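Below: the structure, in structure tokens.
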Amino acid sequence: MTVGRGQRIRVLHIDDEEAQLLFAKTFLEEADPGLELVSFRDPAKLLDSLDDSVDCVVSDYIMPGIDGMELCHRVKERVSVPFILYTGRGSEVVAEAAFKRGVDDYVRKESDPSHYQLLAKRIRSQAATYRRLGEQRRYQERLEQLRGNLGLLSEASSLRELAEATSHIVDRVFGYDCCCFTVFRDGKMVPVFTNGHVELSELDIGVDSTQQVVDEDGGRVVVPLKLGDVHGAVVIGSPDGVGEQDESLLGTLGTLVSQSLHRVVQTEKISASEEQFRSIVENVQDVIVLTGPEGSITYISPSCLGVFGSAPEELMRRMWGDLVHDEDLDKLELFYAKSLRGEGGVIPEYRVRCGGEERWVSHSWSPIVKDGEVWQVVSAVNDITWRKNAEKALQMSLDELEQTNKELNDFTHIVSHDLKAPLMTIESFSSFLLEDHGDSLDVAGQDYLSRVITASQRMMGLIDGLLMLSRVGRKHTGYAEMDVGGLMEEVLEDLGGQLDASSAVVTIGEMPVVVAQEVWMKQLLGNLVSNAIKFNESKPPRVEVSCRDVGDHHYFTVTDNGIGIPESQRHLLFRVFSRVPTEKRYPGTGAGLSICRKIVESMGGEIGVESKEGFGSTFWFTLPKGRASVMATEIESEVKAEFQ
Ligand code: ADP
């Protein structure tokens, strides 16, 4: 900035001659009306009048008691102002000495008044130089101070702190006591901090203002803050107005505050979203764990208390492996190996320590990869102890049930077996009695004996049924691959007598090759075909055996044109010894279908019937493909183990 023409320049002029002072004031003020001469004859008075408002000192050389050079020295001790030596007695030597003592310029007194023009120019030029230097110095000083205060801005962690730091700098560095800090949110101006006399309502700050605005009347400057999508403004003012020289520095301050504002707003956003995530993580039931790739815990959610019996701070920085049951440590190898390769995964179950107890958890994880390196691994650990306990209890009940079933089967088997021998004796001896000594009995006696024989035979049938039922499902009855077509031929051969007697027509569709227990498969098909012929009044009885492939299982049907089954009875048929009460005319014990059901279920299938009374029935059963082969393998290995 230069002191242009017309700008006021205050000059202190000292001379021991009154006339010199008067001439100088008259001619200099005439030569440059911007000059304001204040005249002195007494050096002490001049020194007392020195302050910031003085722009230049013009001094005579020889004065009583002091010379111009000495005065120059004293003036410069107090203020930084140009000093011009104005003398009629000068010489080159004097001039050189004067410059050495700090005099800024040297003008000779002439009798011709035109030399005042020269003096006026020199005064203006020196004043301008000093003002410019003064401004530069002040600028440098403030810049230094600004730098010194940058720490305040960078330490601010909230908008309020940032506003206070800014206000502090405005006051300390620039000396303005008024600072209003405001941000723009959703197109609205939101004041964060105000001190001093600035009323926000009076301000006209546009949301997208990027230009610094100087409001001279109000004595304030609006410094816009803008970086990316974050913006606001700092309004700075003072009742005495804002110095022109500060305007560019305030712009610099605006840039620095903008950067801090951006950082604070981003930090606030991050901490808000961090808060949100933290509350999610802390409220989920799973234990959320962050570990380093080598397994040290860097974060664990509070739900760890329930699973590990310890608070997060106790588990932090421990190794994950420390929390795992010794016997299950090998399961963690998968976790370490995969996560180090940057892969996620799941360990369905393993045991962890909870105080002195153990708990079961399932563990899924996913690594966080940064710049191609595994930085952290985030895991969700779910307490499945309750499920494991339930499974254990269920397994125990199943084991007990299996044991009870086995005992019951064994019991049935033994009892039936033991019952059969005396019964056979009764039946045999009754038959011998009737055959060999029947004549000794009257008709009633023979009838009684015949009834004993029939009842014995019937009971033997029941016992045979029971024996058969107890045998079904015993594992060691060899699963093997078989052609059901061939099996059916054997079945028909076994039923030869019944087929001949009834002249039944049996059609066999395309039969598959299956893996099953051959003995029971034959028994099953034999029972169903035999019933289809037995409970049949049609001439001829027709039976159709067929099979469909239904994906993972075979679907067999045995269809007849027999008497059919009343709907109300269908659900009872598969119970042991149950028969349709109205059909007593057909021989049987009622064990056949329950044996069929047990056979089918032991091979993992289902059995059922569809029927229309008077028109015939279709008995169906399924045979799963996979299960049969698995059981075949299981049985094979069990049998091997047992006989080794
Ligand atoms: P049983 O043949 O010894 O009577 P099952 O258990 O084989 O015993 O059959 C039970 C009952 O189911 C039979 O008594 C009969 O009433 C009925 N039943 C079975 N198969 C058929 C069929 N194909 N048609 C009509 N009724 C049937």
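The values are calculated or read from the model by the stated rules, or taken from the named source; none is laboratory data. All values reported here derive from a predicted model rather than from experimental measurement. All Cβ positions, even for glycine, are placed from backbone atoms using ideal geometry, and neighbour counts span all protein chains on display. In case anyone asks, the SASA skips ligands and DNA or RNA and just uses the protein heavy atoms, side chains included. Shrake-Rupley method; radii C 1.70, N 1.55, O 1.52, S 1.80 Å.
Tabulated data for the structure shown
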read-out: Number of the condition not met by C596 [criteria: (1) within 19 Å of G496 (Cα to Cα); (2) part of a helix (DSSP H, G or I)]; value: (1)
read-out: Among (1) crowded, with 18+ Cβ neighbours inside 10 Å; (2) without any contact (Cβ under 8 Å) to a residue 24 or more places away in the chain; (3) not assigned by TED's automatic domain parsing to the domain that holds D51, the one test that E144 misses; value: (1)
read-out: Positions within the range 271-303 being without any contact (Cβ under 8 Å) to a residue 40 or more places away in the chain and touching a strand residue (DSSP E or B) at 6+ places or on another chain (Cβ under 6 Å), in sequence order; value: V281, S296, I297, Y299, I300, S301, S303
read-out: Single condition W375 does not satisfy, out of (1) in contact with a helix residue (DSSP H, G or I) (Cβ under 9 Å, 6 or more places away or on another chain); (2) more than 30 Å from S470 (Cα to Cα); (3) touching a residue at least 40 places away in the same chain (Cβ under 8 Å); value: (1)
read-out: Selection count, the range 582-608, where residues are open to solvent by 50 Å² or more (accessible area, probe 1.4 Å) and within 6 Å of the ligand (Cβ to nearest atom); value: 0
read-out: First in the range 608-622 and in contact (Cβ under 8 Å) with a residue 12 or more places away in the chain, second anywhere and hydroxyl-bearing (S, T, Y) and more than 11 Å from the ligand (Cβ to nearest atom), Cβ under 7 Å, 6 or more apart; value: T618/T557; W620/Y555; W620/T557; T622/Y555
read-out: Failed condition for D326, given (1) in contact (Cβ under 8 Å) with a residue 12 or more places away in the chain; (2) more than 28 Å from E373 (Cα to Cα); value: (1)
read-out: Residues satisfying the stated conditions in the range 246-270, i.e. touching a residue at least 40 places away in the same chain (Cβ under 8 Å) and of a type in the set (V, I, T); value: T252, V257, V264, V265, T267
read-out: Residue match in the range 419-436 (condition: within 30 Å of V600 (Cα to Cα) and in contact (Cβ under 8 Å) with a residue 12 or more places away in the chain); value: yes
read-out: Candidate set from the range 220-242 (those that are open to solvent by 20 Å² or more (accessible area, probe 1.4 Å) and in contact (Cβ under 8 Å) with a residue 40 or more places away in the chain); member that is nearest to the chain's Cα centre (by Cα); value: H231
read-out: Filter result (without any contact (Cβ under 8 Å) to a residue 12 or more places away in the chain and over 17 Å from A97 (Cα atoms)) within the range 48-79; value: D48, E77
read-out: Yes/no for V374 being crowded, with 16+ Cβ neighbours inside 10 Å, touching a Gly at 6+ places or on another chain (Cβ under 6 Å), farther than 30 Å from M460 by Cα and in the same structural domain as H325 (by TED's automatic domain parsing); value: yes
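So that you can scan it fast, the table gives a plain yes or no per residue for (1) in a helix (DSSP H, G or I); (2) more than 27 Å from I595 (Cα to Cα); (3) in contact with a Ser or Thr (Cβ under 7 Å, 6 or more places away or on another chain):
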{"residue": "H417", "(1), (2), (3)": "yes, no, no"}
{"residue": "A421", "(1), (2), (3)": "yes, no, no"}
{"residue": "L433", "(1), (2), (3)": "yes, yes, no"}
{"residue": "L462", "(1), (2), (3)": "yes, no, yes"}
